[in-house]
Each structure stands twice: as C-alpha cells, then as structure tokens.
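Below is one structure, written out as structure tokens, with a few remarks after it.
The values are calculated or read from the model by the stated rules, or taken from the named source; none is laboratory data. Since the model is a prediction, treat every value here as computed from it, not as a measurement. No Cβ is skipped: glycine too gets one built from the backbone with ideal geometry, and neighbour counts run over all protein chains shown. The area values use the complete protein model at the heavy-atom level, side chains included, leaving out ligands, DNA and RNA. Shrake-Rupley method; radii C 1.70, N 1.55, O 1.52, S 1.80 Å.
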Amino acid sequence: MTTATPTLHEALTADVGRRARGSGPSASDASATGEHPASWDLRFRLVNTFPRQSRPLFAALRATLAPYGYTLSPLHPMHDLSHPRMQTELARTDPDDPTHYAPLVFELEPATTIVRVYVRQFGGRSAPDFAEHRFDLSASPDLAAVERILTDYIRVMLDAQAVAAK
C-alpha cells in the first residue's frame, strides 16, 4: 500500500503541472490529432441539424411502436461530450418495466465527414449482431436509409430479447 502512494502522488503532481501549463489544446494540438478543418461545423450538423432533420422520421417510428408498448428516444448526446456522438434507445413505455436496450450510436469518425452507426454494448464495444452502417454527413441525409437503420436496430433489439428469454 505504501508503494502505491508515491505513484498516486506523482500522478496527481504531474496532472497539476499539465493543467497549469494550459487548459485547452492549441491549434497545433488539434492538427496533430487529425481533426478535420471543418470539424466544428460537422459537430454542429450531427448534434443540431441532423436531429431536427430526422425528427419527423422518429415521430413516425414512435407512432408505429406505441401500440406495441415501445418508444424510441429522440437523438441526444452521449455523456462523454469530447467525441461528437448522438444516440437513441429503444424503450418500453411502461415505467415499471425494467427492460433496457443497448443504444444506437451515431458517431462522427475523426478527420472525416462520415458518421458511423452502431449498437453500443456495455464496455463501449459494438454489437456483433448489428451490421454497422455509415453515411456522409456533408450531404443531405438520406432519411430512407436512416429509417432502414432504425428499423434494423429495433428488429435486432427485439430478436435479442427473444433469444435471452429462452
């Protein structure tokens, strides 16, 4: 236990030193990470524009799911805001139902205009039974393709629930 204390102390001291040197990344740091020049515009599209454009699609899917006791959450940012990611989740409408489903994640790939869509399992891994999809965020969204992605997600979640019940 005493050998861990100096290591923790050293780590904390080093962290204080890093924070004292500067709180934010410099422009050279951003280019070193391979950040796309228009990344702020792309982030804004993913977090603001895309959810607004897809809102009617989500409303139609919610109307389809409602008679069966399911809903689909609106696109919302994940807890970690350092990466441009949005998510939606299938859920039961009964508040007493403890069933939870893995979220469907829309993640902007670094240094590109491509959005990767995958089901996120616990631990951050993508689910092997859901085929990943990609679309270009710089173009107008193909809402028919997004609808196919969402319906595939719903089917995979329901199929996984049926398998788990056996």
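For SER140 and THR7, a Förster radius of 41 Å and the Cβ-Cβ distance give a FRET efficiency of 0.20, rounded to the nearest 0.05. Amide H to amide H, with H built 1.01 Å from N, GLN87 comes under 5 Å of HIS76, MET78, PHE106, counting only residues 5 or more places away or on other chains.
To the nearest 0.05, what FRET efficiency results for ARG18 and TYR68 with a Förster distance of 45 Å applied to their C-beta separation? Efficiency, from the Cβ-Cβ distance: 0.30. I want to make sure I understand the PRE zone here: with the label point 7 angstrom from the Cα of THR151 toward its beta carbon, which residues in segment 85-104 have backbone N atoms less than 13 Å away? Once the point is set 7 Å along Cα→Cβ of THR151, nothing inside segment 85-104 turns out to lie under 13 Å by backbone N. In the full protein context, segment 36-138 carries 56 Å² of accessible surface per residue, based on a 1.4 Å probe and ignoring ligands, DNA and RNA.
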